[in-house]
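Asks: Here it is, the structure, as structure tokens.
The values are calculated or read from the model by the stated rules, or taken from the named source; none is laboratory data. Small disclaimer: the values here were computed from a predicted structure and weren't measured. Cβ placement follows ideal geometry from the backbone for every residue including glycine, while neighbour counts extend to all protein chains displayed.
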Amino acid sequence: MFPSLEPHASGILPVGEGQGVYWETSGNPQGKPAVFLHGGPGGGMGVGYRRRFDPERYLIVGFEQRGCGRSLPLATHDLDRLALNTTPRLIADMELLREHLGIERWLLHGVSWGTALALAYAQAHPGRVSELVLMAVTPTDPLYVTWITETVGVLFPQAWDEFARASGARPGQRIVDAYLERLTDPDPAVREAAAEAWCRWEDTHITLDPGFQPGHTLSQESPESRQNFATLVAHYWRHGGFWPDGSALAGMARVAHLPAVLIHGRYDVSGPTRFAWDLHRAWPGSEFVLVAEEGHGGPQMVAAVREATDRFATRNPQP
């Protein structure tokens, strides 16, 4: 990756409804605009994303989606207004940020949930997108939610039984619905226990990569960080990612002309390769890169991201 660099501008952008979104820019102020879309929802953006872009050729934009990171307020501080956190609102926040920064078009680089947000934004505003670079393609539609909270338990039966038991799900109730009830319960102890169980499950299913070495895992985060992350993820999963057409595939005709690179790990069990492949087949402008040795991220996948951003750096899309 490129050397570390610090932002040259940052701020909190008011986006309405009492929400403020943290943003930052780095790299070349006159360079090609690119925006990073982090995972989760609610995962925050960290600092490593900046190193995936040539700082001499890109204006690098990062922001933390409403309700998480340095954006205000945190979702857990305003549970009564959790319904204001939806994919259409995140898209509107991105448009306000683009206009605030005076950007005509930008490259979208999304990771995990960020790939779903990138697709949703591109389908809503294809004229504002130059290219897409998507890593660990994650649909976050109803079929995916069933897989990640129910079906994938066949691979991790002991951990899934613990996850299901901790949900307190009633007969016939979906696990994700039961967790959202607990994560928004008036009792702080109930919320904390639910968040801890949710994050243990997230740590379990993240990859089948035999060489995976977890670092600072979700279950080791502070109670507040666990609760905020788990609450936002369960909220979005409960609503199938708020896809207006039910899934990303339904709206692919609107972005079929856009150049894209889809980078996925064969060992990614939390987001099986099938979706990334189906997306590629429905997207004439896309390139599919399968990394055989990695799962939901890894150094080879990041290297593929950099190769794609290097290639797109000098591309001038037609209006």
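Asks: So if I check each of 152, 145, 133, which one is under 20 Å from residue 38 (Cβ atoms), aliphatic (A, V, I, L, M) and in contact with a His (Cβ under 6 Å, 6 or more places away or on another chain)?
Replies: On inspection, the qualifying residue turns out to be 133.
Asks: Residue 132 fails exactly one of the following numbered conditions: (1) in a helix (DSSP H, G or I); (2) in contact (Cβ under 8 Å) with a residue 40 or more places away in the chain. What is the number of that condition?
Replies: (1)
Asks: Here's another thing I want to ask about it. How many residues does region 253-274 hold that are of a type in the set (A, V, I, L, M, F, W, C), in contact (Cβ under 8 Å) with a residue 60 or more places away in the chain and closer than 16 Å to residue 122 by Cβ?
Replies: Total satisfying the criteria: 5.
Asks: Quick one: is residue 224 assigned by TED's automatic domain parsing to the domain that holds residue 192, in a helix (DSSP H, G or I) and over 19 Å from the mean Cα position of the chain (by Cα)?
Replies: Yes; evaluated as a whole, the condition is true for this residue.
Asks: Run down 70, 89, 81 and say which single residue is assigned to a loop (DSSP other than H, G, I, E, B) and basic (Lys, Arg).
Replies: 70
Asks: Of everything in region 287-302 that's without any contact (Cβ under 8 Å) to a residue 40 or more places away in the chain and outside any loop (DSSP other than H, G, I, E, B), which residue is surrounded by the most Cβ atoms within 10 Å (Cβ to Cβ)?
Replies: Looking at the filtered set, the residue picked out is 291.
Asks: Go through region 176-227 and give me each residue that's of a type in the set (Phe, Trp, Tyr) and at pLDDT 90 or above.
Replies: 179, 198, 201
Asks: Does residue 42 fit the bill of being surrounded by 19 or more Cβ atoms within 10 Å (Cβ to Cβ) and assigned to a strand (DSSP E or B)?
Replies: no
Asks: Ok, one more. Could you check, for region 249-263, whether at least one of its residues is surrounded by fewer than 16 Cβ atoms within 10 Å (Cβ to Cβ), among the basic types (Lys, Arg) and out of contact with any Gly (no Cβ under 6 Å at 6 or more places or on another chain)?
Replies: There is at least one residue in region 249-263 that is surrounded by fewer than 16 Cβ atoms within 10 Å (Cβ to Cβ), among the basic types (Lys, Arg) and out of contact with any Gly (no Cβ under 6 Å at 6 or more places or on another chain).
Asks: With the structure loaded, tell me whether residue 99 is closer than 30 Å to residue 309 by Cβ, acidic (Asp, Glu), surrounded by fewer than 24 Cβ atoms within 10 Å (Cβ to Cβ) and at pLDDT 95 or above or whether it fails that test.
Replies: It is true that residue 99 is closer than 30 Å to residue 309 by Cβ, acidic (Asp, Glu), surrounded by fewer than 24 Cβ atoms within 10 Å (Cβ to Cβ) and at pLDDT 95 or above.
Asks: Here are some residues: 49, 58. Which one is touching a Gly at 6+ places or on another chain (Cβ under 9 Å), in contact (Cβ under 8 Å) with a residue 40 or more places away in the chain, over 26 Å from residue 139 (Cβ atoms) and not charged (D, E, K, R)? Write out each step before concluding.
Replies: Details: 49 fails: over 26 Å from residue 139 (Cβ atoms).
Among 49, 58, only 58 is touching a Gly at 6+ places or on another chain (Cβ under 9 Å), in contact (Cβ under 8 Å) with a residue 40 or more places away in the chain, over 26 Å from residue 139 (Cβ atoms) and not charged (D, E, K, R).
Asks: Residue 160: in contact with a Gly (Cβ under 6 Å, 6 or more places away or on another chain), over 23 Å from residue 45 (Cα atoms) and assigned to a helix (DSSP H, G or I), yes or no?
Replies: Against the criterion (in contact with a Gly (Cβ under 6 Å, 6 or more places away or on another chain), over 23 Å from residue 45 (Cα atoms) and assigned to a helix (DSSP H, G or I)), residue 160 qualifies.
Asks: Continuing with this model, one more query. Tell me, yes or no, whether region 121-140 has at least one residue that is among the hydroxyl-bearing types (Ser, Thr, Tyr), more than 25 Å from residue 311 (Cα to Cα) and surrounded by fewer than 17 Cβ atoms within 10 Å (Cβ to Cβ). First the steps, then the outcome.
Replies: Going through region 121-140, the residues among the hydroxyl-bearing types (Ser, Thr, Tyr) turn out to be 121, 130, 138, 140.
Among the residues that remain, those that are also more than 25 Å from residue 311 (Cα to Cα) are: 140.
Add one more test, that the residue is surrounded by fewer than 17 Cβ atoms within 10 Å (Cβ to Cβ), and what stays is none.
No, region 121-140 contains no residue that is among the hydroxyl-bearing types (Ser, Thr, Tyr), more than 25 Å from residue 311 (Cα to Cα) and surrounded by fewer than 17 Cβ atoms within 10 Å (Cβ to Cβ).
Asks: Scan 111, 35, 61 and give me the residue that is closer than 30 Å to residue 182 by Cα and surrounded by 22 or more Cβ atoms within 10 Å (Cβ to Cβ).
Replies: Going through 111, 35, 61 in turn, the sole match is 111.
Asks: Follow-up question, since we're still on this one. Name the pairs: first residue in region 96-111 and in contact (Cβ under 8 Å) with a residue 24 or more places away in the chain, second residue among the hydroxyl-bearing types (Ser, Thr, Tyr), Cβ to Cβ under 6 Å, at least 6 apart or on different chains?
Replies: 105/130; 107/130
Asks: May I pose another question? Exactly one condition in (1) part of a loop (DSSP other than H, G, I, E, B); (2) of a type outside the set (S, T, N, Q); (3) free of Cβ contacts under 8 Å to residues at least 12 places away in the same chain is false for residue 165; which is it?
Replies: Every listed condition holds for residue 165 apart from (1).
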